[in-house]
């Protein structure tokens, strides 16, 4: 980064417009009017004036930070790689559209000519450029200009003043308070250990438990099949065979021949007489 304004002119111009829009420069950029809406709302909030003062502090800090950022990226000594080049058309077109919207939407949000509000409310639009001269707007303009000017004076030619004044604090902030390292040693490490434990449980405990129940089910199936084949089915088959044999005997006795039936009656009567004589 650094010195990219001549290498990437379109990106620099659109970024500068976005920087001024985000910084809340009034009159020409839509971000200025949205910021003014918030400032007016907090200024007239009856509960507390603290949000309004915090917003005013945010105005100057945002302008200061955005100025610092654009100086480090596009001004100063060239620290870019040798192959740095302008963005391709597929990237430049969205940047141009966003930059144009940042400017054109200022015409929609300006209080001097609220034509869109009037159109949506079905009322005639009335221009009143006197609304541009208000204490809050003028104060906001001074704060934005002060933040941009202060950022330019602090960062245009020298290293970060905080690095010279408070090197320990600067290193602490530059390393993001070592939050990534702390996160790596705590959350990430714990997550990896829990993942390994979950993998072990899945491979050896839950899979083993599933295999155990599967084996029990298979053994029960084998026993059930053996009992069914050699117990229940065998008993049913023997009963069926006996019934079938008895049925054949009965069927053989019913030949349909009269002499056979008469012979059976005679034998039966003879047996009854013998039984009667023996018992009598």
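The values are calculated or read from the model by the stated rules, or taken from the named source; none is laboratory data. These figures come from a predicted structure and were not determined experimentally. Using ideal geometry, Cβ is built from the backbone for each residue, glycine included, and neighbour counts are taken over all protein chains shown.
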What are the pairs, 6+ residues apart or on separate chains, where a residue within the range 204-219 that is surrounded by 10 or more Cβ atoms within 10 Å (Cβ to Cβ) has its Cβ under 9 Å from a residue that is not in a helix (DSSP H, G or I)?
-> none
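Residues being surrounded by 14 or more Cβ atoms within 10 Å (Cβ to Cβ) and over 38 Å from the mean Cα position of the chain (by Cα): count how many of those fall in the range 163-173.
Let us first name the residues in the range 163-173 that are surrounded by 14 or more Cβ atoms within 10 Å (Cβ to Cβ), namely 163, 170.
Narrowing further to those that are over 38 Å from the mean Cα position of the chain (by Cα): 163.
Residues that pass the stated criteria total 1.
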Can you find even one residue in the range 241-254 that is farther than 30 Å from residue 160 by Cα, in contact with a helix residue (DSSP H, G or I) (Cβ under 8 Å, 6 or more places away or on another chain) and not assigned by TED's automatic domain parsing to the domain that holds residue 160?
-> yes
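Yes or no, residue by residue, for (1) out of contact with any strand residue (DSSP E or B) (no Cβ under 6 Å at 6 or more places or on another chain); (2) in a loop (DSSP other than H, G, I, E, B); (3) buried (at least 18 other Cβ atoms within 10 Å of the Cβ):
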position	(1), (2), (3)
14	yes, no, yes
28	yes, yes, no
56	yes, no, no
66	yes, no, yes
72	yes, no, no
91	yes, no, no
95	yes, no, no
Residue satisfying all of: in the range 92-128; over 36 Å from the mean Cα position of the chain (by Cα) and within 11 Å of residue 27 (Cα to Cα); modelled with the highest pLDDT among these = 107
Can you run down the residue pairs with Cβ atoms below 7 Å, 6 or more apart or on separate chains, where the first is in the range 106-122 and more than 23 Å from residue 23 (Cβ to Cβ) and the partner is modelled with pLDDT of 70 or more and part of a helix (DSSP H, G or I)?
-> 116/108
Return only the number of the condition from (1) within 41 Å of the chain's Cα centre (by Cα); (2) farther than 30 Å from residue 62 by Cβ; (3) surrounded by 11 or more Cβ atoms within 10 Å (Cβ to Cβ) that residue 227 does not satisfy.
-> (1)
